[in-house]
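First up is the structure itself, then whatever we jot down about it.
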Amino acid sequence: MPNRILRDWTYSDSVDKISFQAEVLFTRLIMKADDYGSYFAKPKLINGNCFPLKDIRESDISRWLQELASAGLIVFYTAENKEYLNIINFNQRLRSMKKCFPQVPENVIEEYSRAFCQQLDRDLTASCPPEVETETEVETEVEGEGEKKGAHSQNLDQLENLFPEEKKDKQSEQVNSGSEQKEKSSAKKEKVNPPDLDSFLNVAREIYQNELKVDFTPYSFAVTAKYNSWIEAGWKDGHKKPIEGWKNKLRNVIPYLKPFNQNSQNGSSQARRR
């Protein structure tokens, strides 16, 4: 009989959205699913296998299944002309993996991930105020300073002709300054280029663990979904603005991300199917 880890999800936002009865069904699905988190999706089969000693209506099973799907805990799929469900982030690794049901197709998970990240973008757009652009003001100030300097350029040229050695030093400083500006410009272009997913997740993990002092695992799915939404938008945020300095952008977005499954390292119990 397979062993199952029953995690502490008392602080999970996803589980908090469902009713007490739906949570009981979710617990029993964990005990019945195969090592990949898949199980029958027909209410009649679930009723007979998960509640063999109770008199429960199939309509109630259907309603609870929809609650689990709406909360992002399970996803439905069809294989070999049969209906199945898959528990998201099942992550059971107590023995060698054994498959009892057809695996969930990749496109089902991808479509769910896309819908999930789109919902995240809508939530962030509604909760985050638009970013205020300040580059135009800075450029205007720089242009104003340039006009003031131009008014004194003629007098400065006359003084530099009197001291040619200082003029050479100043020219060398201008060359160095020009090279530094080129380096800054190239560095700015590098900031616009998106990182790969592994680098993105590593930075997010450091922020969660080192700065926020929380476990990164429950947030990995939301961070991945956010990365995919930015990539699909051409490396632009929810306001359709190009992302520069993605590490700071990620640090500002992280407080709005919700854990997908709340796991606890201290409290875990095993539920066995007998």
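The values are calculated or read from the model by the stated rules, or taken from the named source; none is laboratory data. If you're wondering where the values come from, they're calculated on a predicted model, not measured in any experiment. Note: ideal-geometry Cβ built from the backbone for every residue, glycine included; neighbour counts use all protein chains shown. Ligands, DNA and RNA are excluded from the accessible area calculation, which covers all protein heavy atoms including side chains. Shrake-Rupley method; radii C 1.70, N 1.55, O 1.52, S 1.80 Å.
Residues are listed down the side, and each one gets a yes or a no for (1) surrounded by fewer than 18 Cβ atoms within 10 Å (Cβ to Cβ); (2) modelled with pLDDT under 95; (3) over 20 Å from Phe260 (Cβ atoms); (4) touching a Ser or Thr at 6+ places or on another chain (Cβ under 9 Å):
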residue: Asp8; (1), (2), (3), (4): yes, yes, no, yes
residue: Tyr11; (1), (2), (3), (4): yes, yes, no, yes
residue: Thr27; (1), (2), (3), (4): yes, yes, no, no
residue: Ile61; (1), (2), (3), (4): no, no, yes, no
residue: Glu67; (1), (2), (3), (4): no, yes, no, yes
residue: Gly72; (1), (2), (3), (4): no, yes, no, yes
residue: Tyr77; (1), (2), (3), (4): no, yes, no, yes
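Out of the residues in the range 211-225 that are in a helix (DSSP H, G or I) and open to solvent by 60 Å² or more (accessible area, probe 1.4 Å), state the one that is farthest from Ile88 (Cα to Cα). So the residue we want is Glu211. Being open to solvent by 20 Å² or more (accessible area, probe 1.4 Å), assigned to a loop (DSSP other than H, G, I, E, B), at pLDDT below 70 and over 21 Å from Asn228 (Cβ atoms) holds for only one residue in Pro52, Pro130, Pro102, and it is Pro130. At pLDDT below 85, out of contact with any strand residue (DSSP E or B) (no Cβ under 6 Å at 6 or more places or on another chain) and part of a loop (DSSP other than H, G, I, E, B) - does that describe any residue in the range 193-205? Yes: one or more hits. So, Phe163, is that one among the aromatic types (Phe, Trp, Tyr) and at pLDDT below 60 or not? Against the criterion (among the aromatic types (Phe, Trp, Tyr) and at pLDDT below 60), Phe163 qualifies. You will find that of Glu83, Glu67, Glu23, the residue that is of a type in the set (Asp, Glu), outside any loop (DSSP other than H, G, I, E, B) and without any contact (Cβ under 8 Å) to a residue 24 or more places away in the chain is Glu23 and no other.
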